Amino acid sequence: MKRSMALMIIALAVACVFAGSAWAQTFKFAYVDFQKFAADSKRHQQEQKKLADLVQMKQNDLEKKKEELIKLQEDLQKQGPLLSEDSRNAKLKDIGIKEMEFKLQEQQAKNLVQNAQREAMEILRRDMKEIMDKIRADQKYTFIFDAAALVSADKAMDITDQVVSAYDSAKPSAKPAASTPAPAKPKAPVGPAKPAERR
């Protein structure tokens, strides 16, 4: 992708040389440094923090559930010899259910984070395209390139600050509709559960 864009720029430059200065002046180019955009945009940083906070919250919830499960298993190991068979089987069944609930919650957390990241990227791409389309149309640019695809370019062609300003001041787009169904609730296990391993 980057190589093809660089080759296209070279081809256009060569064409400009052969076509003459009058024709070349009809073209106007600009580029955006997306690394600089990510570092400078306050709104983008806020969105990234939301994702990081969501990941941390889900990790904390899972860690709490895992500790509860491990405590149940340790209690059973300590009390096992003193329990009747019915009581021991009931505790094993309860632990089995807790293990299945933990695995389900772990998968749900993973799906939630992945969906949130995918949704944020989709919104970012859509908003950035709208902003750059408007800048290109208003300022009569022929092309707006990604700085990562350029070997060398005049600093005057850099419109990253304009993009950051427009993005930070724009109203966020609506979120895309969710398409992933929620997983089914776990059923009680048939046999005794295996102890969960510490991670």
Task: Qualifying positions in the range 143-167 - among the small types (Gly, Ala, Ser), free of Cβ contacts under 8 Å to residues at least 60 places away in the same chain and in a helix (DSSP H, G or I) - done: ALA156, SER165, ALA166
Open item on the list: For the range 51-79, which positions are among the charged types (D, E, K, R), within 20 Å of LEU112 (Cα to Cα) and without any contact (Cβ under 8 Å) to a residue 60 or more places away in the chain?
Closed with: ASP53, LYS58, ASP61, GLU63, LYS64, LYS65
Open item on the list: On the basis of being in contact (Cβ under 8 Å) with a residue 60 or more places away in the chain, in contact with a Leu (Cβ under 7 Å, 6 or more places away or on another chain) and of a type in the set (S, T, N, Q), does GLN117 make the cut?
Closed with: yes
- [ ] Quick one: LYS66 ticks every box in (1) surrounded by 15 or more Cβ atoms within 10 Å (Cβ to Cβ); (2) touching a helix residue (DSSP H, G or I) at 6+ places or on another chain (Cβ under 6 Å); (3) not hydroxyl-bearing (Ser, Thr, Tyr) except a single one, so which number is it?
- [x] (2)
Task: Lone qualifier among MET128, MET157 - being under 19 Å from the mean Cα position of the chain (by Cα) and surrounded by 14 or more Cβ atoms within 10 Å (Cβ to Cβ) - done: MET128
TODO: Can you work out which of the residues in the range 91-125 that are acidic (Asp, Glu) and either within 20 Å of GLN59 (Cα to Cα) or under 11 Å from the mean Cα position of the chain (by Cα) (or both) is surrounded by the most Cβ atoms within 10 Å (Cβ to Cβ)?
DONE: GLU99
Task: Condition broken by LYS140, with the remaining ones in (1) touching a residue at least 12 places away in the same chain (Cβ under 8 Å); (2) farther than 30 Å from GLN35 by Cβ satisfied - done: (2)
Open item on the list: Looking at the range 82-90, can you tell me whether even one residue there is of a type outside the set (Gly, Ala, Ser), surrounded by 14 or more Cβ atoms within 10 Å (Cβ to Cβ), assigned to a helix (DSSP H, G or I) and in contact (Cβ under 8 Å) with a residue 24 or more places away in the chain?
Closed with: no
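Values quoted throughout were computed directly from the atomic coordinates according to the rules given, and no laboratory measurement underlies them. Fair warning: this is a prediction, and the values are worked out from it, not measured in the lab. Reconstructed Cβ throughout: ideal geometry from the backbone, glycine too, with neighbour counts over all protein chains shown.
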